[in-house]
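The values are calculated or read from the model by the stated rules, or taken from the named source; none is laboratory data. None of the values given here were measured: they were computed from a predicted structure. Here the Cβ positions follow ideal geometry from the backbone for every residue, glycine too, while neighbour counts run over all protein chains shown.
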Amino acid sequence: MAPPLHPATKEPIRPQDLEPLFAKELIRQEVSTERFIPIPDEVLDIYAKYRPTPIFRATRLEKALKTSAKIFYKFEGVSPPGSHKPNTAIAQAYYNAKEGVEKLVTETGAGQWGTALAYAGTFFDLAVEVFMVRVSYDQKPYRRTIMQLYGAEVHPSPSTITNFGKQILSTEPDHPGSLGIAISEAIERVMTQKNTKYSLGSVLNHVLLHQTIIGIEAKKQLELVDTQPDIIIGCLGGGSNFAGISYPFLMEKLRGKNENLKVIAVESTAAPKLTKGQVRYDFGDSAGMTPLIRMYTIGHKYVPAPVHAGGLRYHGAAPTVSHLLEHQVITAEAYSQKEIFEAAHLFAKTEGIIPAPESAHAVTSAIRHARRFKEDATTEAPTILFNLSGHGLLDLLGYEEYLNKRLVDYQTDTEQIKQILLQTPNL
Ligand SMILES: *Cc1c(COP(=O)(O)O)cnc(C)c1O
């Protein structure tokens, strides 16, 4: 694969260049070519508080759809923070604590990642500091409260505790903030404090690696009922839960087993990098401070519309996911906000679980593919497996808008994406 490049020199980045930011073991995993990396017992012990997560057959949904397809879903919303994100937060907290790190700093948009890291920090006596995008800090107080209960320090970003934040507030005191600004503030904070490292919740190889526990478990669970999926579906923000559910199965497909397996990444039409972007080198943040990564992107300056699926509002996709799509090993779909809340509503009424708006994208795709096979279909219907990455009990504002028919659909402007892609480095 194309190597990540240093943002200033544009030369391939060396593992040691990353040491100021990340724990050494996480960097080793980032560049590892090992097939398997064992999960430490200390991490397994904490996983055991909510893992293995359950897998269900959606029989009532199948009935409602009048489909002959079998639909299974793996439910990651049973973790205490309510999503798949603690799978990597726990591992990252463990490796950092083991190397003597005392504090982790990160950014969070809607709050799921910050919540997961705050939760993980409690088990290893790690201090956690979170820069939370100001609009969410003000509009989503419950996630903030959860982080604070776990003991994390939460700052609205832009904040007054970093130079970068102060600089922005001096010209625009009411700045709503952005994920890019929050990343820049978190990195500045790491650089100016002792025994402090940075932590990222998606996109990087080691994050995707930690999430493969989802697919490894799913494979064993389905084997217990002699079942093999024909279609695997995951929603995609940066790519971690999608990789988590699909990579253990893709490994077999690439080795010639279950060759007809279809794997689908589902994004939001608000951030359509896989369906409307390009593969090229781009920054991971909007300030242009991170290494350059070759990935599907709509441009690091693109500001996705404020859809309720906050976790999918990211301009790029993980490099390995991008590589698989470029080589047509996987496919991609995009759905709009109105479509996904409708699908989520049907899912809630039939299966009893209210999906996170992000996860509702996977639900939408699963329903669409199942609907192609009626109960009396003569062709053999597929077995579909999708990842329900989180519950939506802290996203009820979106559901309320849906019920009151106040949800807005945003049009993506292909011309604007083209213009913004021109602002990515010409490499
Ligand atoms: C963060 C989040 C996502 C998107 O992130 P990925 O890294 O693409 O998995 C999806 N679902 C939920 C519930 C999330 O919290």
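Observations on the structure shown:
- Qualifying position, being of a type in the set (Lys, Arg), away from the ligand (no atom under 16 Å from the Cβ) and within 30 Å of Leu292 (Cα to Cα), among Lys405, Lys374, Lys418: Lys418
Yes/no per residue for (1) at pLDDT 95 or above; (2) within 16 Å of the ligand (Cβ to nearest atom); (3) assigned by TED's automatic domain parsing to the domain that holds Ile293:
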| position | (1), (2), (3) |
| --- | --- |
| Ile181 | no, no, no |
| Glu188 | no, no, no |
| Lys219 | yes, no, yes |
| Gln228 | yes, no, yes |
| Ile232 | yes, yes, yes |
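- When Ala97, Ala64 are screened for being surrounded by fewer than 24 Cβ atoms within 10 Å (Cβ to Cβ), within 18 Å of Ala360 (Cα to Cα), hydrophobic (A, V, I, L, M, F, W, C) and over 20 Å from the mean Cα position of the chain (by Cα), only Ala64 passes.
- Failed item in (1) buried (at least 16 other Cβ atoms within 10 Å of the Cβ); (2) closer than 29 Å to Pro80 by Cβ; (3) within 16 Å of the ligand (Cβ to nearest atom), with His345 passing the rest: (3)
- Exactly one residue out of Lys24, Lys74, Lys66 is on the phi > 0 side of the Ramachandran plot and not assigned by TED's automatic domain parsing to the domain that holds Arg189: that is Lys66.
- Single condition Phe123 does not satisfy, out of (1) away from the ligand (no atom under 16 Å from the Cβ); (2) modelled with pLDDT under 95: (2)
- Flag for Thr320 being surrounded by fewer than 22 Cβ atoms within 10 Å (Cβ to Cβ), touching a residue at least 40 places away in the same chain (Cβ under 8 Å) and within 14 Å of the ligand (Cβ to nearest atom): yes
- Against the test of being hydrophobic (A, V, I, L, M, F, W, C), assigned to a helix (DSSP H, G or I) and more than 16 Å from the ligand (Cβ to nearest atom), the options Phe242, Phe249 yield a single qualifying residue, Phe249.
- Screening the stretch 348-427 for helices (runs of 4 or more DSSP H) wholly inside it with 3 or more residues that are buried (at least 21 other Cβ atoms within 10 Å of the Cβ) and either at pLDDT below 95 or of a type in the set (A, V, I, L, M) (or both) returns the ranges 357-371.
- Wholly enclosed strands (runs of 3 or more DSSP E) of the stretch 126-214 bearing at least 1 residues in contact (Cβ under 8 Å) with a residue 40 or more places away in the chain, of a type outside the set (D, E, K, R) and within 21 Å of Ile27 (Cβ to Cβ): 196-198
- Only a single item in (1) on the phi > 0 side of the Ramachandran plot; (2) within 16 Å of the ligand (Cβ to nearest atom); (3) in the same structural domain as Val133 (by TED's automatic domain parsing) is not met by Asn195, and it is number (2).
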